[in-house]
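Presented below is the structure to which this report refers.
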Amino acid sequence: MPFRFEPRSHLAGAAGRTGTIHTPHGSIQTPAFIPVATKAAIKAVLPEAMRAAGAQALLANAYHLYLQPGAEIVEEGGGVGQFMGWDGPTFTDSGGFQVLSLGAGFKKVLAMATEGLGNDEIVAESKERLAQVDDDGVTFKSHLDGSLHRFTPEVSMQIQHQLGADIIFSFDELTTLVNTRRYQEESLERTRLWAERCVAEHRRLTEARGERPYQALFGVLQGANYEDLRRKAARDLSTMGFDGYGLGGAIEKPRLGEIVGWMTAELQEDRPRHLLGISEPDDLFAAVAAGADTFDCVSPTRVARNSAIYSRFGRYNVTGARYRRDFSPLDEGCDCYTCTHVTRAYLHHLFKAKEMNAATLASIHNERFILRLMDEIRESIDGGYFSELRTERMHDYYGRT
Ligand SMILES: [Zn+2]
């Protein structure tokens with residue numbers, strides 16, 4: 001079996017679990033955070049530094065790589081992992097989020113865009129609608145040169161097969177919380193039909209390219225904040241033969257755990273579930289408890305480039321005057337390269353001096369912070385003290401219990 005998921009320990013009375021995802025490029029211990037290498041690069045950080053920070057897998061973006069340099073060039077380069085010099089497991093998302101968020105003002109309504117920091121991929125914020133959805137697919141304009149392109153379920157599968165990641169996602173329609181109930185129902189049916197087309201095209205491509213390592217296809221579940229739609233999406237897609245699931249779309253942050261729980265309750269135990277676009281500590285605890293296994297988000301590097309530093313006692317901005325002579329590590333007790341080599345005062349200086357290493361050192365720390373939190377969450381589930389860890393970390397990070 002080139003791809004499989006083995007659950008290990010379970011939370012008492014909840015859907016949360018630990019396990020191992022096996023892929024042709026190695027295994028992933030879950031729950032796991034998957035850092036985002038949007039254009040086949042973690043911004044400002046080399047793959048070997050990501051490995052040292054504890055990254056088990058990286059996620060790249062089909063939309064961006066399709067536009068630049070082109071999926072066929074990545075394919076000629078040996079697939080996205082080999083192309084970027086990363087020998088571990090890789091994910092690509094379907095491109096649906098990017099093409100559908102073009103100009104639609106999604107930023108205000110997605111939980112994944114909390115604080116406006118989670119959405120590196122929102123490439124146009126104007127009122128002008130750059131993407132048009134119909135039952136067959138989506139026509140959109142490139143954010144690079146305005147050229148016209150079309151994604152269908154088949155095109156997304158073809159691109160993701162060329163990119164060659166171990167885990168790929170079905171093409172879905174992203175809705176917002178401001179869409180009407182009727183639109184959500186229509187959209188969900190479109191996404192269901194697209195999922196069937198993705199499975200068919202994925203099977204065709206897998207057979208046609210049999211000498212390549214197996215790529216696992218995850219079906220993406222939508223349904224906004226409606227319990228019946230979320231459950232229906234999960235039930236519908238669970239009969240289609242997907243290797244795992246992506247939990248996508250518009251979710252109100254306070255209801256994250258509840259909504260994830262509706263979906264995981266309907267899904268097979270032996271298939272991994274990836275929650276798209278989440279990295280805030282409270283969201284991670286809530287989603288893990290509700291049965292999500294893997295996560296991705298651009299926030300750790302994105303906020304790092306703006307000098308925001310994660311620490312056990314909350315996030316702070318290292319350019320603040322109080323850090324000018326603070327010769328302590330970014331986060332007491334952190335074992336990352338940055339914290340074991342330099343100080344807040346040094347990073348303060350690099351940001352003030354606009355040195356590029358500021359982004360590198362801050363990004364390494366922030367990625368390690370989230371990766372280490374996931375390690376601790378995983379150990380706490382195996383060790384039977386998840387709720388104690390959650391209470392302690394929430395109190396420390398947010399100053400609340
Ligand atoms: Zn650190």
Mean residue ellipticity (222 nm) of the chain, computed from DSSP H runs ≥ 4 via -39,500 (n - 2.57), nearest 500: -12000 deg cm²/dmol
Using a Förster distance of 25 Å, the FRET efficiency for Asp134-Thr180 (Cβ separation, nearest 0.05): 0.85
Summed residue charge, Cβ within 10 Å of Leu256's Cβ, Lys/Arg positive, Asp/Glu negative: -3
Net dipole in debye of the chain [+1 Lys, Arg Cβ; -1 Asp, Glu Cβ; about Cα centre; nearest 20]: 1100 debye
Of the GluC sites (Glu not before Pro) in the range 128-210, those whose Cβ has at most 10 other Cβ within 10 Å and which sit in DSSP loop: Glu128
Highest-fluctuation residue, Phe285, Phe33, Phe140 considered, GNM on the chain with Cα pairs under 10 Å: Phe140
Glu6/Ala353 FRET efficiency (R0 51 Å; Cβ-Cβ; nearest 0.05): 0.55
Calculated FRET value between Leu193 and Glu376, using beta carbons and R₀ = 51 Å, to 0.05: 0.80
Trypsin sites (Lys or Arg not before Pro) within the range 269-345, DSSP loop, no more than 11 other Cβ atoms inside 10 Å: Arg325
Contact order relative to length of the range 308-398, as percent, for alpha carbon pairs under 8 angstrom and 6 or more apart: 31 percent
Positive dipole terminus of the range 308-398, leading residue within Ile364, Ser311, Thr343 (C-beta point charges): Thr343
Label-point gap, in nm, between Leu144 and Thr20 - each point 7 angstrom along Cα→Cβ: 4.0 nm
Estimated distance in nm for a label pair at Phe327 and Arg203, the labels positioned 7 Å out from Cα along Cα-to-Cβ: 6.7 nm
Relative contact order of the chain, defined on C-alpha pairs under 8 angstrom at six or more residues apart (%): 18 percent
The range 319-401: GluC sites (Glu not before Pro) falling in loop per DSSP and having at most 11 other Cβ within 10 Å: Glu332
Gaussian network model of the chain, springs between alpha carbon atoms under 10 Å - residue of Gly320, Gly26, Gly95 with greatest fluctuation: Gly320
Length added when fully stretched, Ala265-Asp335, from 0.36 nm per residue minus Cα-Cα: 21.5 nm
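Only the coordinates and a few stated rules stand behind these numbers; no lab work does. The model shown is predicted, which means the values in this text are computed figures rather than measured ones. Please note: Cβ atoms are built from the backbone with ideal geometry, for glycine as well, and neighbour counts cover all protein chains shown.
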